[in-house]
1. Extending each Cα 7 Å along its Cβ direction at N185 and S143, get the distance between those two points in nm, one decimal.
2. Packing-wise, with mean Cβ within 10 Å as the measure, how do 110-122, 7-19 rank, highest first?
3. Counting only helical runs of four or more DSSP H residues, what would the 222 nm mean residue ellipticity of the chain come to if each run contributes -39,500 (n - 2.57) and the total is spread over all its residues?
4. Starting with the highest mean, order 45-54, 199-208, 93-102 by the number of other Cβ atoms within 10 Å, averaged over the residues of each peptide.
5. Using the basic label-point model (7 angstrom from Cα toward the beta carbon), what is the T29 to M53 distance in nanometres?
6. Percent of Cα-Cα pairs more than 14 Å apart in the range 1-57, please.
7. Say the dipole of the range 86-231 comes from +1 at the beta carbon of Lys and Arg and -1 at that of Asp and Glu; which of P97, Q224, M179 then lies farthest toward its positive end?
8. Give me P(r) over the range 79-231, computed from all C-alpha to C-alpha distances, binned every 5 Å, as integer percentages.
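Just so you know, all these numbers are worked out from the coordinates, no wet-lab data involved. Keep in mind it's a predicted model, so treat the numbers as computed, not measured. All Cβ positions, even for glycine, are placed from backbone atoms using ideal geometry, and neighbour counts span all protein chains on display.
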Amino acid sequence: MPQNKNLSLEWQSDLGTEWQEVQKKCLHTIGNLTLTAYNSEMSDRPFLEKMDMPGGFKESALRLNKYVVLQNKWNEKHIQERANELAKKAEYIWPYPTLTVAELAPYQVEDKTVQKYSLETYDVNAFTRILFESLDKRIMNLSPAVKKEYKKLYVAYKLDTNFVDIVFQKQRLRISINMKFSEINDPNGICKDITGLGRWGNGDVELFMEHQDELDQIMEIVKQSFDAQAE
């Protein structure tokens, strides 16, 4: 079957009323592909002409064309039947290997289940939940582009990368700001330099939220990190 979209009336007749759909579906499938030294001469000719012409399929010595030369028309049914025949031959010629469990083991990838976290993952009490919900709302309201992710040990807020992380503690929230301590403008002195210290979260700046009335001061610091990421 040719790839010319303007098929001749003979091809349209062979393929049926849905010939355009058949051509689109079957054209480049294995059932419609073969080898010939006369491809340019065959061109878009009707199937029977391709069979009987000098150098046509009836003169082909290739086993690949054995099914083709037995047909008097070429349509979707024959393309699918030939594809099935070739698939069976391929399975015979290139059999699937039979390997023991021990032989397969070095090549098998362990199926690692991705752990999903949520607010319930952390050690949250009624007090720290209230603190978190008020801070979370303010952070998410900074921009529709802010993404929140529940990590194993902390809640992360990011644009391209994290700009603030929150860790739950017994009676307070520990907040990591992803900036250098020297870059922070901290008029209220609420930030701590944790450069080089091991902490959960990202950045060199740490502060704590213990009361609701600290929310505005904390958000002034958070917004500095957000603005730095947004630039």
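1. Placing both labels 7 Å along Cα→Cβ, they lie 1.8 nm apart.
2. On the way: 110-122: 8.8, 7-19: 15.3.
The most tightly packed comes first, giving 7-19, 110-122.
3. -10000 deg cm²/dmol, from helical runs alone.
4. 199-208, 45-54, 93-102
5. Calculated label separation equals 2.5 nm.
6. Of all Cα-Cα distances in the range 1-57, 53 percent exceed 14 Å.
7. Value: P97.
8. All Cα pairs considered, the percentages come to 1, 8, 15, 16, 14, 8, 4, 3, 3, 4, 5, 5, 5, 4, 2, 1.
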